[in-house]
Amino acid sequence: MVVIGQGYVGLPVAVRAAQVGYRVVGFDVSQARIDQLASGRSYVGDISDADLAAALAGGYRPSSDPADLAGFDIAVISVPTPLHDGLPDLSAIESAGAALAPHVRRGCCVILESTTYPGTTAELLCPILEHGSGLKAGPDFHVGYSPERIDPGNPTHTLVNTPKVVSGIDAESLRAVDAFFSRLVERTVPVGSPAEAEMTKLLENTFRHVNIALINELAMFASELGIDIWNVVDAAATKPFGYMKFTPGPGVGGHCLPIDPSYLSWRVRQHLGRPFRFVELANDVNEHMPDHVYDRIVTLLNRHRKPVNGSRVLLLGLAYKRGTSDWRESPTVPLADKLDRGMAQVRIADPHIPEVNAAHLRFPLVPFTPEELAAADLVVVLVDHADFAPEVIAAHAPLVFDAKGLMRGIEFAGETL
Ligand SMILES: NC(=O)c1ccc[n+]([C@@H]2O[C@H](COP(=O)([O-])OP(=O)(O)OC[C@H]3O[C@@H](n4cnc5c(N)ncnc54)[C@H](O)[C@@H]3O)[C@@H](O)[C@H]2O)c1
């Protein structure tokens, strides 16, 4: 089998497939990534170097040579689906499909895993595979869609024990997709069509996005009303039914939440000519959270007779969330930029981000130490990494703004979101 795209999604699938006995080509257009994988160094937190070494010693082979795609029985596509100027950019799916198409044979199976709008598998991927192979999707070869639910850094819910939604363009395709993933994961959940599976993924992420926006907006009001939002959230979470806990924060990041709902709203607008109001409102609230944090920081510094200009500000956390090394779309970046425009001296500490992953970061990446904490005029908690011990922060930082509720229950100089 082949897995196209060896990132946060594709690498774990490839390694798992090798574990259960497949011969796997992990294909990626990034030569740097392929070289790193071949040398046994994983850049994905959920795959340890030991996992990678075992896979390399078994059936797994990283490659950037399209010739290695030849002869596949099963292909999984897990390439990026970003937004470009606010619009879905499916160019990576198109080029992955075009690379696979000449190698499509009768009876093989192609499965799309990238997050995308409903209709992509049937309307975009199938024609590309058919055009390049001269075969017909359905009668000649199988095609399906199975969204990835991977939660980077989550040790409880893994690829293997998280139910996997599967679909096919017809009954035989569904059977092939289901048979493949049934070997990789504990439970599959077949649905009626690729469009249903595509929309399932977008519903899940839009649900999170909207609920985080709800709590973020409430957090902004609560601080002005003098109410502790964290106590409110905890109290509400004691209701054993009809409520799900979401916590506020400095904004949303990662490859999924800030992007996926826009795939859905784009599709709704394009096909039906109507706005998806919940998504647009949630985008608006979440995108403005870094501005809100900035305003709170300015007020806090003013209260201590300090201007932003010249203040040394240590931001704790660059990752988009706890426990991950991924900082795509991280709200730390717009906040750092805004502080920089206000002439603050910005430094960022994040033990999860190796220097090599932050080469294009404009700010110094410094270690999380008592000296760094003490040398700052203000420390801002933006990610609740387990490494950020609140007692250490309280003991050394002269002033703290805590946007994650990390310091709750501890006495410290400063404020919480
Ligand atoms: N990261 C997550 O937590 C997560 C969770 C669920 C779904 N997804 C979705 O999965 C997809 C992949 O996300 P990711 O986080 O793994 O991205 P990623 O950027 O970590 O990895 C994608 C890889 O694909 C490679 N690539 C790009 N174009 C290619 C091509 N034409 N041929 C071969 N390789 C190519 C890139 O070099 C990169 O290594 C996206 O659609 C994303 O929305 C991601």
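The values are calculated or read from the model by the stated rules, or taken from the named source; none is laboratory data. Nothing here was measured: the structure is a model prediction, and the numbers come from that model. Glycine also receives a Cβ, built like all others from the backbone with ideal geometry; neighbour counts cover every protein chain displayed.
I'd like the residue in region 58-92 that is free of Cβ contacts under 8 Å to residues at least 60 places away in the same chain and either aromatic (Phe, Trp, Tyr) or part of a helix (DSSP H, G or I) (or both) and, out of all such residues, is surrounded by the most Cβ atoms within 10 Å (Cβ to Cβ).
Only one residue tops the list, namely Tyr60.
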- What about Ala101, is it closer than 19 Å to Ile4 by Cα, part of a strand (DSSP E or B) and within 15 Å of the ligand (Cβ to nearest atom)? no
- Tabulated pairs, region 104-126, first within 20 Å of Phe181 (Cβ to Cβ) and within 12 Å of the ligand (Cβ to nearest atom), second among the aromatic types (Phe, Trp, Tyr) and at pLDDT 95 or above, C-beta under 7 angstrom, 6+ apart or interchain: Leu112/Tyr145
- Look through region 257-285, keep the residues that are within 16 Å of the ligand (Cβ to nearest atom) and within 21 Å of Leu335 (Cα to Cα), and return whichever of them is surrounded by the most Cβ atoms within 10 Å (Cβ to Cβ). Pro258
- Message: So Ser78 ticks every box in (1) within 12 Å of the ligand (Cβ to nearest atom); (2) more than 29 Å from Trp327 (Cβ to Cβ); (3) touching a Ser or Thr at 6+ places or on another chain (Cβ under 8 Å) but one. Which box is left unticked?
- Response: (2)
- Of the conditions (1) within 10 Å of the ligand (Cβ to nearest atom); (2) in a helix (DSSP H, G or I); (3) more than 30 Å from Asn283 (Cβ to Cβ), Gly26 fails just one. Which one is it? (2)
- Item | So Asp68, is it more than 15 Å from the ligand (Cβ to nearest atom) and modelled with pLDDT of 95 or more | no
- Out of region 1-23, which residues are more than 16 Å from Ala53 (Cβ to Cβ) and either near the ligand (Cβ under 8 Å from one of its atoms) or within 18 Å of the chain's Cα centre (by Cα) (or both)? Ile4, Gly5, Gly7, Tyr8, Val9, Gly10, Val13
- Answer from Ser42, Ser95 - the residue that is outside any strand (DSSP E or B), over 30 Å from Glu130 (Cα atoms) and hydroxyl-bearing (Ser, Thr, Tyr): Ser42
- Message: Looking only at region 189-229, filter to residues that are of a type in the set (Val, Ile, Thr) and free of Cβ contacts under 8 Å to residues at least 40 places away in the same chain; which one of those is surrounded by the fewest Cβ atoms within 10 Å (Cβ to Cβ)?
- Response: Ile227
- Task: Take region 230-256 and flag every residue that is crowded, with 21+ Cβ neighbours inside 10 Å and within 16 Å of the ligand (Cβ to nearest atom).
- Result: Val252, Gly253, Cys256
- Of the residues in region 29-54, those that are among the hydrophobic types (A, V, I, L, M, F, W, C) and within 16 Å of the ligand (Cβ to nearest atom) come to Val29, Ala32, Ile34, Leu37, Ala38, Val44, Ile47, Leu52
